[in-house]
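Let me begin by presenting the structure, written as structure tokens, before commenting on it.
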Amino acid sequence: MRIFVTGATGWVGSAVVEDLIAEGHQVSGLARSPAAAEKLGLAGARAVPGSVEDVEVLRDAVRAADAVIHTAFNHDWSRFAENCAADKRAIEVLGAELNGSSRPLIATSGVALLAPGRLACECDVAPPVTESFPRASEAVVEELRSCGVHATTVRLAPSVHGVGDRGFVPRLAGIARDKGVSAYIGAGQNRWPAVHRLDAARVFRLALNHTGDGPFHAVAEQGVSLKDIAQAIAHRFDLPLVSIPAGAAGEHFGWFAPFASLDTPTNSDRTRAILDWKPEQPCLLADLGQPDYFVF
């Protein structure tokens, strides 16, 4: 199968490309720079120069593909609204080009805000698009599905981990190093779901044949407590482990405070059953124990 991947050199997208090629698929990937194009070539994929804002590039790439996996998203939180708008437009363009065919589209979302404080599952509906939360990935996918496009969503855990991770846990570790203490909020029993990036990549591939059954949860661990994560960071950098009162979380964690307080345990039983997906990689805390995990 010829598969076009956006975000193909990103943290998740590069793992998706690697997995697809290992399974014998022909992969083309969006490349925003010569360095990205070179990386794709070394991985065995064909580079498509351009960005998710290049409409004609996206259209041409989709026309030449049997399936599309959209993992691109700019995680510059200072431009979150603009990045959400670009993501929405890209999914609309990809879906419009697939309309009238049986070729699948897999988009990317997250589980973080599905059901804060209780166990979320695949049947939970994504939060509505609002000014405070403008990400519309799932809303657009549902619109496309209503028009007959074979589209679905893979929802990622807040921690998609692995050596070289630059996501939530490294941000928490960076704050710990800056502050001189590894902290959690209150009792630290709020939970982050987690999945290894290589296990997450397989969910995208397996979902290609099950677009009518999604959304799917790339979640290997339902929830790892923030206290346990902070403890692992404290051990790794030889820092004191401390509890921060909820009222002081903003001062200590800055803009990251809402993420440090997330409590979003998530189930993936339906995903495992439909896709016959079984996580095979190390769990989050075991991964954090690797000496080369953190890259600063």
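What follows is calculated from the coordinates using simple rules that are stated; it is not laboratory data. Just so you know, these numbers come straight off a predicted model, no measurement behind them. Here the Cβ positions follow ideal geometry from the backbone for every residue, glycine too, while neighbour counts run over all protein chains shown.
Just for the Cα atoms in the chain, what are the lengths along the principal axes, largest first, rounded to whole Å?
56, 38, 37
Determine the percent antiparallel among the DSSP beta bridges restricted to the chain, to the nearest 5.
10
Can you give the FRET efficiency for Ala273 and Phe80, using 1/(1 + (r/R0)^6), R0 = 45 Å, r = Cβ-Cβ distance, to the nearest 0.05?
E(calc), rounded to 0.05, equals 0.85.
Run the quick spin-label model on Asn99 and Glu23: label points 7 Å from Cα toward the beta carbon, then report their separation in nm to one decimal.
In this crude spin-label approximation the distance works out to 2.8 nm.
Quote the Stokes-Einstein diffusion coefficient, in whole µm² s⁻¹, for the range 154-296, based on the Kirkwood radius over alpha carbon pairs, a temperature of 25 °C and a viscosity of 0.890 mPa s.
The Stokes-Einstein estimate is 157 µm²/s.
Kirkwood Rh over Cα pairs of the range 118-232 into Stokes-Einstein at 20 °C, 1.002 mPa s: D in µm²/s?
Value of D from the Cα-based Kirkwood radius: 133 µm²/s.
State the extension gain, in nm to one decimal, for the chain segment bounded by Glu280 and Ser132, taking 0.36 nm per residue of separation less the distance between their alpha-carbons.
49.6 nm
Expressed as an acute angle from 0 to 90° and rounded to the nearest 10, what is the orientation of the C-alpha long axis of helix 34-43 relative to the principal long axis of the chain?
Result, in degrees: 80.
Based on the Cα atoms of the range 1-65, what semi-axes does the equivalent ellipsoid have, where each is the square root of 5 times one gyration tensor eigenvalue, given in whole Å with the largest first?
Gyration-tensor ellipsoid for the range 1-65: 17, 14, 9 Å.
For helix 137-146, report the angle its Cα long axis makes with the longest principal axis of the Cα atoms of the chain; keep it between 0 and 90° and round to the nearest 10°.
So the helix axis and the longest Cα principal axis differ by about 30 degrees.
With a 10 Å Cβ neighbour count serving as the proxy for reagent exposure, in which order, fewest first, do Lys88, Lys227, Lys278 appear?
Exposure proxy ranking, most exposed first: Lys278, Lys88, Lys227.
Along the charge dipole of the chain, which of Phe237, Ala90, Leu285 sits closest to the positive end, that is, farthest toward it, with unit charges on the beta carbon of Lys, Arg, Asp and Glu (+1, +1, -1, -1)?
About the Cα centre, the residue reaching furthest to the positive side is Phe237.
Quick one: pull the percentage of alpha-carbon pairs in the range 19-145 with a separation above 17 Å.
For the range 19-145, the share of Cα pairs beyond 17 Å comes to 63 percent.
Starting from the 7 Å offset along Cα-to-Cβ, what nm value, one decimal, do you get for the label separation of Lys179 and Phe237?
Inter-label distance under the simple model: 1.0 nm.
Let me understand the range 150-216 better: what is its radius of gyration from the alpha carbons, and its Dmax, in angstrom?
For the range 150-216, the Cα-based Rg and Dmax read 15.9, 50 Å.
Just want the ordering: Val129, Val48, from fewest to most Cβ atoms lying within 10 Å of their own Cβ.
Going from least to most buried by this count: Val129, Val48.
About the Cα centre, and with charges only on the beta carbon of Lys, Arg (+1) and Asp, Glu (-1), how big is the dipole of the range 1-112? Nearest 20 debye, please.
Value, rounded to 20: 80 debye.
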